[in-house]
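Here is the structure we will look at, set down as structure tokens.
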Amino acid sequence: MPTTPIDLRSDTVTKPDAAMMTAISQAEVGDDVFGEDPTVNLLESTVAALLDKEAAVFVPSGTMGNQIAVRIHTKPGDEVILEADAHILHYEGGAAAGLSGVQLHAVSGPRGILSADLIASAIRGHNDWDPRTSLVCLENTHNRAGGTITALATIHAIGDLARSKNLAFHLDGARLWNAAAATGIEERKWAAPFDTISVCLSKGLGAPVGSLLVGSQSDILRARRVRKALGGGMRQAGLLAAAGLHALQHHRSGLVVDHIKAKRLANGLSAMKCVSLDPASVETNIVMIDIVDGRSAADVLLQLESAGVRMVPFGPTRIRATTHRDVSEEDIETALERAEPILN
Ligand code: TLP
């Protein structure tokens, strides 16, 4: 019986290594609610500069980054256009409705990819009975679609449309780093068309906690007020910011290796007869596995778990595996060996 499970549930499961713990222990800290934590201030200015925006605010999670963006760009009763499989719609506890009083207008895009035409057809008119469309959100890379990347030209076209219609434009860039690593196009270019971008340090970058919302000075000033109101004002948060700075400096280059591991996993799994999976669809670190022999995802996951491989359900017969810095290329080979009797 294998003893150490190979954990492919998410790239959020990574643990700080010794070098990161050293960075945390050496962090200079202060009370960030007074704006006095030098390490948080450095993280915010570093990420704002990386994305070529005026300002950034450190928040505890990607969910809070997205939800603050929804709040600052909308009024209650407004409508937000996003992709039908967006994280904001599926995995944020209905917060857009609960916290901002907006409704979400879901538009399906092939493999999670929206276009200016698809969005144009979803923008409401100006009748008394029409909801007011005020915000368009994209997700890049797209989680539920399997880590897909929306091309930069498509994003620019959507950005032009949003501007021409006076709509705010937000990116859920939890894994923007992966899009940059996979394409070689730097983060600032991906960020340019957007008013605000949320990025996560706690996914592939391997920090324990933390995300940033990035945008103009005036948007981020408003975001700071909302963060405080939501209980996200943290005190000596420099301990967390130090981990984030360390991750940005030392872990970004490792994302390309995560993508190679995901491809290898996809190639291996695609050869197994209980699985439907096109390895060519794997663009970054997420692999979606469809079970085609009549078993449910839950049943297969239990069997995988007892064989020492952990993944998560993403539909009745769909399973997600995510590669990250705490699984090695050797671990991927072991995971394939362990999965073989269950999936072949
Ligand atoms: N995603 C998690 C789960 O919530 C599904 C994961 O394991 O992938 N945007 C995107 C695109 C995300 O994938 C996530 C986390 C978030 C936002 C939220 O980040 P956190 O978990 O920090 O609130």
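The values are calculated or read from the model by the stated rules, or taken from the named source; none is laboratory data. All figures in this text were calculated on a predicted structure; none of them were measured in a lab. Cβ coordinates were reconstructed from backbone atoms using ideal geometry, including for glycine residues, and neighbour counts include every protein chain displayed. Just the protein is used for accessible areas: all its heavy atoms, side chains included, with ligands, DNA and RNA removed. Shrake-Rupley method; radii C 1.70, N 1.55, O 1.52, S 1.80 Å.
May I ask you to derive the FRET efficiency for Ala280 and Phe34 from their Cβ-Cβ distance with R0 = 35 Å, giving the value to the nearest 0.05?
Computed FRET efficiency for Ala280 and Phe34 comes out at 0.10.
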Q: For segment 216-270 and segment 1-77, write down the distance between their C-alpha centroids in whole Å.
A: 5 Å
Q) Of all accessible surface on segment 175-293 at a 1.4 Å probe, what whole percent is carbon and sulfur? A) 52 percent
Q) So how much accessible area does Thr196 have, in Å² to the nearest 10, using a 1.4 Å probe? A) 0 Å²
Q. By accessible area of protein heavy atoms, probe 1.4 Å, what ranking do Arg9, Arg111 get, highest first?
A. Arg111, Arg9
Q | Cα-based equivalent ellipsoid of segment 137-195: semi-axis lengths in Å, sorted from largest, via gyration tensor | A | 19, 12, 9
**Q.** Using a Förster distance of 25 Å, the FRET efficiency for Ser296-Ala271 (Cβ separation, nearest 0.05)
**A.** 0.65
(Q) Assuming 0.36 nm per residue, please report the length gained on full extension of the stretch Val257 to Ile185 beyond their Cα-Cα distance. (A) 24.3 nm
Q. Based on the Kirkwood radius over alpha-carbon pairs, what is the Stokes-Einstein translational diffusion coefficient of segment 205-334 at 20 °C with 1.002 mPa s viscosity, in µm²/s?
A. 123 µm²/s
Q. How high is the relative contact order of the chain, in percent, with contacts defined as C-alpha pairs under 8 Å that are six or more residues apart?
A. 25 percent
Q.
Give me the net charge for the shell around Ala84: Cβ to Cβ below 13 angstrom, other residues only, Lys and Arg +1, Asp and Glu -1.
A. -1
(Q) So if I restrict to the alpha-carbon atoms in segment 18-250, what is the Rg, and what is Dmax, the biggest pairwise distance, in Å? (A) 17.2, 59
Q: Work out the charge dipole of the chain with +1 on the Cβ of Lys and Arg and -1 on the Cβ of Asp and Glu about the Cα centre, then indicate which of Met272, Gln236, Asn166 is farthest towards its positive end.
A: Asn166
Q. When you take every Cα atom in segment 164-206, what is the radius of gyration, and what is Dmax, the widest Cα pair distance, in Å?
A. 11.4, 38
Q) Based only on Cα atoms, what Rg/Rh ratio does segment 204-251 have, Rh being taken as Kirkwood's radius? A) 1.02
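Do the sum for the chain: with -39,500 (n - 2.57) for every DSSP H run of n ≥ 4, divided by all residues, what is the mean residue ellipticity at 222 nm, to the nearest 500 deg cm²/dmol?
So the helix-based figure for the chain works out to -12000 deg cm²/dmol.
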Q.
Averaging over every viewing direction, what projected area does the convex hull of the Cα atoms of segment 46-121 cover, in nm²?
A. 6.2 nm²
Q.
Can you compute the charge dipole magnitude of the chain about its Cα centre, using +1 on each Lys and Arg Cβ and -1 on each Asp and Glu Cβ, nothing else charged? Give it in debye, rounded to the nearest 20.
A. 440 debye
**Q.** Loop-resident sites, segment 272-344, for trypsin sites (Lys or Arg not before Pro), counting at most 16 other Cβ within 10 Å (DSSP)
**A.** Lys273, Arg295
Q) Along the positive direction of the dipole of segment 18-250 (beta-carbon charges: Lys, Arg +1; Asp, Glu -1; about the Cα centre), which of Ala179, Leu245, Ala116 reaches farthest? A) Ala116
Q: Along Cα→Cβ, 7 Å out, is where each label goes; now give me the distance between the ones at Gln217 and Asp326 in nm to one decimal.
A: 4.1 nm
Q: Among Leu99, Val57, Ala262, pick out the residue whose Cα is farthest towards the positive end of the charge dipole of the chain, where Lys and Arg carry +1 and Asp and Glu carry -1 on C-beta, about the Cα centre.
A: Leu99
Q: Using only the Cα atoms of segment 79-216, each taken as one equal point scatterer with no solvent, compute I(q) by the Debye sum, divide by I(0), and report log10 of the ratio at q = 0.16, 0.18, 0.22 Å⁻¹.
A: -0.81, -1.03, -1.54
Q. If we count every other residue with Cβ under 13 angstrom of Met64's Cβ, Lys/Arg +1 and Asp/Glu -1, where does the sum land?
A. +2
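Give me the percent of DSSP beta bridges within the chain that run antiparallel, rounded to the nearest 5.
The antiparallel proportion sits near 50 percent.
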